[in-house]
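The values are calculated or read from the model by the stated rules, or taken from the named source; none is laboratory data. Since the structure is predicted, the reported quantities are computational estimates derived from the model, not experimental observations. Counting neighbours? That spans all protein chains shown, and the Cβs are built from the backbone with ideal geometry, glycine included. We work out accessible area using only protein heavy atoms, side chains counted, and drop any ligands, DNA or RNA first. Shrake-Rupley method; radii C 1.70, N 1.55, O 1.52, S 1.80 Å.
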Amino acid sequence: MKNSITISAVIPNFNSERTITKCLESILSQTENVDEIIIVDDGSIDKSLVIIKKVIKTINSEIKIVLSEQENAGPSAARNKAVSLATSTHIAFLDSDDIWYPDHIKTVKSFFQENNQYKIISTKYLGAPISHVGEIFFKKLLFKNYFLTPCVVLNKEAFLEIGGFNEKMNFAEDYYLWLNILSKHKGYLLDYVDAANVDNKMSFGQNGLSSNLRLMHKGVLKCYKNLYSDQLISFKTYIKIIAVEKIKYIRRILLIFYVKKKLS
């Protein structure tokens with residue numbers, strides 16, 4: 001017997017006037033609909049909020065759409081607010097500058113219906129090649145983040161059990177949440193590329209500055225420090241994963257330098 005699965009799409013929006021229409025269209029064009037769309041505007045000062053309201057008015061669909069507005073508090077607070085408004089059993093995250101491919105919801109829903117032992121799953125993201133497929137354990141996720149936010153669908157109760165996104169973290173807060181969930185529950189990576197950036201940017205740094213990579217790097221280190229403070233990892237593991245992360249950071253800097261030099 002298949003498990004009863006409902007899915008809420010969650011979108012934090014901040015100054016995304018150029019991309020938000022394509023983002024919403026990708027949700028509305030799914031081969032299997034989500035049950036509701038929750039959009040939280042995080043204090044936008046561009047025209048994106050006007051665009052969202054216009055799109056909502058023109059939608060000819062039975063999908064429930066909730067639009068909430070708040071003062072700027074960051075994407076973690078916006079996502080947490082959206083999840084608190086959601087009524088579905090599962091949450092599918094999508095950023096306002098990303099899109100889903102048409103079978104994304106059909107794929108993840110079918111998997112959850114047959115495999116309810118997993119509380120968090122992810123498809124793959126265009127431009128972020130990952131060869132691994134299958135169950136992702138806590139220790140495996142420590143050394144590589146296999147779950148990119150626009151690809152993640154998770155059980156709402158598991159999300160609330162952890163307490164949602166850490167609003168004190170500005171970088172790697174999603175990675176920290178996935179790790180906390182996997183410290184208690186099972187996760188799985190599906191072999192489908194089901195999400196992409198509207199501009200086909202790489203998953204890190206293609207158009208950004210090296211300072212952004214540095215902040216991301218510091219966020220990951222903060223994530224590991226929190227895990228150690230929470231006694232979820234040993235001191236030996238803490239030192240090991242910090243060393244691995246520093247090597248990966250240097251590699252990213254060299255890769256971005258190479259790409260920019262090649263394009264110049």
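Of note:
- Where GluC sites (Glu not before Pro) fall in DSSP loop in segment 18-105, at most 14 other Cβ within 10 Å: 32, 62, 71
- For segment 177-194, the Karplus equation 6.51 cos²θ - 1.76 cosθ + 1.60, evaluated at θ = phi - 60°, returns couplings of 5, 4, 5, 5, 5, 6, 6, 10, 9, 8, x, 8, 10, 8, 8, 9, 8, 10 Hz by residue, with Gly and Pro reported as x.
- Computed from label points 7 Å out along Cα-Cβ, the spacing between residue 229 and residue 31 is 4.5 nm.
- Value of relative contact order over segment 41-99, rounded to a whole percent, pairs C-alpha under 8 Å and six or more apart: 43 percent
- Percent RCO, i.e. relative contact order, over the chain, from Cα pairs under 8 Å lying at least 6 residues apart: 20 percent
- Segment 125-161 and segment 10-54 have their alpha-carbon centroids 23 Å apart.
- Residues of segment 162-203 with amide N under 20 Å of a point placed 7 Å along Cα→Cβ from residue 71: 167-170
- Of all DSSP beta bridges in segment 120-195, antiparallel share, percent nearest 5: 55 percent
- Ordering of 42-50, 236-244 by packing [mean C-beta count within 10 Å, highest first]: 42-50, 236-244
- Close amide H partners of residue 69, meaning residues 5 or more places away or on another chain with modelled amide H under 5 Å apart, are 41.
- Amide H contacts of residue 47 (H built 1.01 Å from N, in plane; Pro and chain starts excluded): 17 sit under 5 Å, all sequence-distant by 5 or more or on other chains.
- From the coordinates shown, Rg and Dmax of the Cα atoms in Å corresponds to which of (1) 18.6, 60; (2) 18.2, 57; (3) 19.0, 57: (2)
- Three-way shape call for segment 88-183 based on the alpha-carbon gyration tensor, with the a/c threshold at 1.5: rounded
- Rounded accessible area per residue of the chain, 1.4 Å, Å²: 51 Å²
- Site pair residue 137 and residue 167 shows an inter-label distance of 3.6 nm when each label is modelled 7 Å from Cα along Cα→Cβ.
- Percentage relative contact order, segment 108-252, counting C-alpha pairs under 8 Å, at least six apart: 31 percent
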